[in-house]
Amino acid sequence: MGTNEFLNRLKSGEPIRAGSQTHKFMHKAAQDALRVTAKLNGQYHTPGEIRALMSELTGKPVDEGFGLFPPFYTDCGKNINLGKNVFINSGCRFQDQGGITIGDGALIGHLVVLATLNHGIAPGQRRDMMGGPIVIGKNVWIGANVTVLPGVAIGENSIIAAGAVVTKDVPANVIAGGVPAKILKPIT
């Protein structure tokens, strides 16, 4: 199995069965991500070096306006899609097998968790995984210590307040916060 076949399998929405070829490839991808993030997090890098490491991690070109303050963690990397002028603050953890798309101009605060996988509920299927993409719109600001769960889309220009747990879609142009996150007010 190659990276493209793996990503297509993840996009299919079918469960990833424990011990399957896809599951084994997922573990290989995690090892590759650990290698690159160890380089990224292990010493100082210029902004250009950070962009090069993120390009290696994602397997895609990274915009000149991209910024990241390490440390940064991911367990795959190949299913992260970054827009232009995205900034990711320190300590973020992306579980990207289900797909993470971050729109132009988005700001991701300290210690944000983007989790795109769930496990099976039945004890006999607990090691199986189901993915759900996270889509973050243009100019979204996600505050510190936010967790976004699988299958969530956050509309453009919205703000997610610090500490929120986002369990369902957030429309454009609102401020949302809380556990679980709820719309607090529109952005005018």
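Things to note:
- Residue count for segment 151-167, restricted to those that are within 14 Å of Pro180 (Cβ to Cβ) and open to solvent by 20 Å² or more (accessible area, probe 1.4 Å): 5
- Among (1) crowded, with 21+ Cβ neighbours inside 10 Å; (2) in a loop (DSSP other than H, G, I, E, B), the one test that Leu114 misses: (2)
- One residue stands out among those in segment 96-143 that are in contact with a Leu (Cβ under 6 Å, 6 or more places away or on another chain) and at pLDDT below 95: the one that is nearest to Pro70 (Cα to Cα), which is Gln97.
- Where a residue in segment 25-46 is over 26 Å from Asp128 (Cα atoms) and its partner, wherever it lies, is outside any helix (DSSP H, G or I) and open to solvent by 20 Å² or more (accessible area, probe 1.4 Å), with Cβ under 6 Å and at least six apart: Leu40/Pro70; Asn41/Pro70; Asn41/Pro71
- Residues that are over 14 Å from Asn79 (Cα atoms) and open to solvent by 60 Å² or more (accessible area, probe 1.4 Å) number at least 1 in the following helices (runs of 4 or more DSSP H) confined to segment 1-58: 21-42, 47-58.
So that you can scan it fast, the table gives a plain yes or no per residue for (1) within 15 Å of the chain's Cα centre (by Cα); (2) outside any loop (DSSP other than H, G, I, E, B); (3) under 22 Å from Asn4 (Cα atoms):
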| position | (1), (2), (3) |
| --- | --- |
| Thr101 | yes, yes, yes |
| Arg127 | no, no, no |
| Val135 | yes, yes, yes |
| Asn139 | no, no, no |
| Gly151 | yes, no, yes |
| Gly163 | no, no, no |
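- Selection count, segment 51-92, where residues are within 18 Å of Gly105 (Cα to Cα) and hydrophobic (A, V, I, L, M, F, W, C): 11
- Residue list for segment 102-141, restricted to those being in contact with an Asp or Glu (Cβ under 6 Å, 6 or more places away or on another chain) and either farther than 25 Å from Ile160 by Cα or free of Cβ contacts under 8 Å to residues at least 12 places away in the same chain (or both): Gly120
- Residue that is surrounded by the fewest Cβ atoms within 10 Å (Cβ to Cβ), among those in segment 74-100 that are more than 21 Å from Gly48 (Cβ to Cβ) and touching a Lys or Arg at 6+ places or on another chain (Cβ under 8 Å): Gly99
- Residue match in segment 20-28 (condition: touching a Cys at 6+ places or on another chain (Cβ under 8 Å) and under 22 Å from Thr101 (Cα atoms)): yes
The values are calculated or read from the model by the stated rules, or taken from the named source; none is laboratory data. No experiment lies behind these values; they were computed from the predicted model shown. Reconstructed Cβ throughout: ideal geometry from the backbone, glycine too, with neighbour counts over all protein chains shown. For accessibility, only protein heavy atoms count, side chains too; no ligands or nucleic acids. Shrake-Rupley method; radii C 1.70, N 1.55, O 1.52, S 1.80 Å.
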